[in-house]
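Nothing in this text is a laboratory measurement; each read-out follows from the coordinates by a stated rule. Values in this document were obtained by computation on a predicted structure and should not be read as measured data. When we count neighbours, we look across all protein chains shown, and the Cβ atoms used for this are built from the backbone with ideal geometry, even at glycine.
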Ligand code: CO8
């Protein structure tokens, strides 16, 4: 089996960003309109009034201060409250593929590689723009890569699952190099009318190039020392959108086919699951957890990350131990841990160990232990 490394990373960030104050102003305008339109029913006790949101709550509960989106105007229009995108023809690149290609090109460039060096393209993310043809095959086409590609969805943990598949393919020799791409248009499946979660998500795309360590030309290489994946069924994060929606009788309510969660339960159940996964994985690799130089954690909730890192490191983590990008990007699902890696790996020294760890719906969790060359 070949030794394998991550030799380059890439990030695509949409041009438009929404601050908490802007998002809250739009949400509160929606609440005011709704309560005014239903004033009689509310006065009669037949309808519950909606409550306003607040930026202070959002920062305190999650650490999120802003998020990028593919369309700001639609999200902030209280009568629309979703990103509006142009309906593209079948002969044009899909938006998801376009974002994926931009991130992948940067990863290739950073790895010192070209399309001809790659055999396999994985698009690993939470929500795909269509069922088929696979977005990965479209991305492969626009990048000009021979070989093959496929899509995979393990929600926020998708990138870690993609890296394990890539490592297995490269180590076993079935692919020379693999692009693991995580494009996420999370705002397209977020319920911006739900006060409990309207602030959670943002859009971005990431890419990692995985190839044999011995032949990689990049100076910026991380050997993959090991990967470990875990899933455990839970309905606490769920989205019932699917191809049978139009057939289901009675039809589902509109908000059932968007993201919904029991955030507090998720927090309580996922923190121990992930801390245990990391401690056991590091232990089995003979690495003392407190010696890990950096954790690139999934970016859903700041408090959650601090608790996980503390349970592994044994002390309160600083941003040098576990960098934070969710303040600027919010939760970008599978892209989050890779954005943290992409932005915060240059300062690691040869021999330093870092862990990329992604977790989310399913539940699903994955750990990728890396050593800087
Ligand atoms: N403004 C003001 N007050 C609010 C707001 C708001 N916006 N929202 C809720 N409140 C109030 C509540 O009504 C409640 O009031 P009271 O105490 O009077 O009942 C109080 O604030 C506390 O509410 P919560 O208990 O809900 O607040 P929490 O402290 O639990 O924080 C969080 C909520 C931030 C959602 C938190 O629970 C959290 O982040 N949990 C972890 C969730 C998580 O990690 N989920 C992962 C999901 S992502 C994933 O796996 C990928 C899925 C696929 C991608 C989908 C893309 C769209």
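Taking the DSSP bridge list for the chain and keeping only pairs wholly inside it, about 75 percent are antiparallel.
Could you tell me the ratio Rg/Rh of the stretch 46-190? Both radii from Cα atoms, Rh via Kirkwood.
1.07
All Cα-Cα distances of the stretch 85-138, cut into 10 Å bins from zero to the largest, leave 20, 51, 26, 3 percent in each bin in turn. With distances taken between every two different alpha-carbon atoms, the chain has a Kirkwood hydrodynamic radius of 21.1 Å.
Rounded to the nearest 10 degrees, the angle from helix 20-37 to the longest Cα principal axis of the chain is 30 degrees. For the stretch 15-88 and the stretch 193-229, what is the centre-to-centre distance using only Cα atoms, to the nearest Å? The distance from the Cα centre of the stretch 15-88 to that of the stretch 193-229 comes to 30 Å.
Relative contact order, whole percent, for the stretch 222-372 stands at 35, derived from Cα pairs under 8 Å and 6 or more residues apart. The relative contact order of the chain, computed from alpha carbon pairs under 8 Å that lie at least 6 residues apart in sequence, is 23 percent. For the chain, the longest principal axis of the C-alpha atoms and the axis of helix 158-172 are separated by about 20°.
Legend: calculated FRET efficiency, residue 132 to residue 174, from the Cβ-Cβ distance at R0 = 22 Å, rounded to 0.05, equals 0.45. How far is helix 263-284 tilted, in degrees, relative to the longest principal axis of the Cα atoms in the chain, given as a value from 0 to 90 rounded to the nearest 10? The helix 263-284 is inclined about 10 degrees to the chain.
For the chain, the 222 nm mean residue ellipticity estimated from helices alone, with every DSSP H stretch of n ≥ 4 adding -39500 (n - 2.57) and the total spread over all residues, rounds to -10000 deg cm²/dmol. For the pair the stretch 264-307 and the stretch 93-167, the centres of their Cα atoms are 27 angstrom apart. Note on the stretch 251-373: Cα Rg divided by 2.2 N^0.38 Å, N the number of residues, gives 1.10.
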